[in-house]
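Okay, so here's the structure we're looking at.
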Amino acid sequence: MENNQEVLKYTYTFIFNNGTEKKFEILLDKNTLDLISSNQTEVADWAKRENFQCANDLCNSKFEKYCPIAVNIDNIIKFFSDINSYETVKIYAEVDERTYFKETSVQKGVSSLIGIIMPVSGCPVLSKLKPLVRFHLPFASIEETEFRVISMYLFVQYMIMQRGGTPDWEMKKLKQIYEDILKINRVLSERVANLENKDASINAIVALDNFAQFISSSLEYNDLSDFENIFKEWLE
């Protein structure tokens, strides 16, 4: 790490019912939102790109031999491989300027944690979601996630317009992005399912996939009616 590199740090601390604590620290370059290397020397065989069907047509990552997502969530998968997804856990999530706390299921905590790592790992598809990581909201609901995704995308279109480009106000490209995300989630969940003795991590990825499916469906049918009431002062 360069001395002048600005660092953004996210820390998730899991406190289990037996008193055991486990801390996961994520360091990002604050300017690029790239994940700062943890100096991991060994990469698990399951992370090889040949094991991921989505690599052929979606991945042009700098990672030549490995899926960048798999490489960076391997330590999480290993830790939670013997833990049930429904087990209750206390979680402190330290995010930039504030700390969040939630007593919830392990799978929801792991889902929130993996939701940070996937976009910043180097995957060219998920990297489009980096702005959400910069303003990460731990334990977000489906509705909160949908609002944040759409707001992010329309903000990007405004910046494209300001630069003289052609904005995608109909969000057609966002639909394609989420179709690709769904494909990645499903391939990843299949691989993780083969690694775990129990189901904490696989259910965490399934939860992320459910979020993606919900957003994809809303975009497919142009159904944003759930938000109309809160915007009525703008729409009347």
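The values are calculated or read from the model by the stated rules, or taken from the named source; none is laboratory data. Note that the structure is a prediction, hence the values are computed from the model and not measured. All Cβ positions, glycine included, derive from the backbone under ideal geometry; neighbour counts span all protein chains shown.
In this structure, is ILE77 farther than 17 Å from SER37 by Cα, surrounded by 14 or more Cβ atoms within 10 Å (Cβ to Cβ), of a type in the set (Val, Ile, Thr) and modelled with pLDDT under 90? Working first, answer last.
On the way: farther than 17 Å from SER37 by Cα: yes; surrounded by 14 or more Cβ atoms within 10 Å (Cβ to Cβ): yes; of a type in the set (Val, Ile, Thr): yes; modelled with pLDDT under 90: yes.
Answer is yes for this residue.
Counting only residues that are in contact with a Cys (Cβ under 9 Å, 6 or more places away or on another chain) and modelled with pLDDT of 85 or more, which one in segment 52-74 is surrounded by the fewest Cβ atoms within 10 Å (Cβ to Cβ)?
PRO68
Which pairs turn up if I take residues in segment 14-25 that are under 15 Å from LEU113 (Cβ atoms) and look for partners that are outside any loop (DSSP other than H, G, I, E, B) and small (Gly, Ala, Ser) with beta carbon separation below 8 Å, at least 6 apart in sequence or on another chain?
PHE14/GLY109
So which residues in segment 80-116 are farther than 16 Å from ASN203 by Cβ and at pLDDT 90 or above, if there are any at all? Before the answer, list the steps.
Taking segment 80-116 as the starting set, the residues that turn out to be farther than 16 Å from ASN203 by Cβ are 90, 92-103, 116.
Within segment 80-116, LYS90, TYR92, ALA93, GLU94, ARG98, THR99, TYR100, PHE101, LYS102, GLU103, ILE116 meet the criteria.
Under 8 Å between Cβ atoms, at least 6 apart or on separate chains: pull out the pairs that start in segment 214-230 with a residue that is free of Cβ contacts under 8 Å to residues at least 24 places away in the same chain and on the phi < 0 side of the Ramachandran plot and end on any residue that is assigned to a helix (DSSP H, G or I) and surrounded by 11 or more Cβ atoms within 10 Å (Cβ to Cβ).
ASP223/SER217
Looking at (1) in a helix (DSSP H, G or I); (2) more than 29 Å from ASN17 (Cα to Cα), which is the only condition GLY115 fails?
(2)
Quick one: count up the residues across segment 131-168 that are of a type in the set (A, V, I, L, M, F, W, C) and over 23 Å from THR99 (Cβ atoms).
Of segment 131-168, the ones of a type in the set (A, V, I, L, M, F, W, C) are 132-133, 135, 137, 139-140, 142, 147, 149-150, 152, 154-156, 159-161.
Right, trim to over 23 Å from THR99 (Cβ atoms) and you get 142, 149-150, 152, 154-156, 159-161.
Matching residues across segment 131-168 total 10.
So, restricting to helices (runs of 4 or more DSSP H) that lie completely within segment 121-236, which ones have at least 3 residues that are surrounded by fewer than 12 Cβ atoms within 10 Å (Cβ to Cβ)?
Values: elements: 130-134, 142-162, 172-193, 200-220, 232-235.
Once the helices (runs of 4 or more DSSP H) in segment 121-236 are filtered for at least 3 residues that are surrounded by fewer than 12 Cβ atoms within 10 Å (Cβ to Cβ), what remains is 142-162, 232-235.
For LEU8, indicate whether it is in contact with a helix residue (DSSP H, G or I) (Cβ under 7 Å, 6 or more places away or on another chain), surrounded by 12 or more Cβ atoms within 10 Å (Cβ to Cβ) and modelled with pLDDT under 95.
Numbers: in contact with a helix residue (DSSP H, G or I) (Cβ under 7 Å, 6 or more places away or on another chain): no; surrounded by 12 or more Cβ atoms within 10 Å (Cβ to Cβ): yes; modelled with pLDDT under 95: yes.
Taking the combined requirement at face value, the residue does not satisfy it.
Scan segment 97-111 for residues that are among the charged types (D, E, K, R), surrounded by 12 or more Cβ atoms within 10 Å (Cβ to Cβ) and not in a helix (DSSP H, G or I) and jot them down. Give the steps one after another, and end with the answer.
The initial filter retains those residues of segment 97-111 that are among the charged types (D, E, K, R), namely 97-98, 102-103, 108.
Checking the rest, the ones that are also surrounded by 12 or more Cβ atoms within 10 Å (Cβ to Cβ) come to 102, 108.
Scanning segment 97-111 gives a single hit, LYS102.
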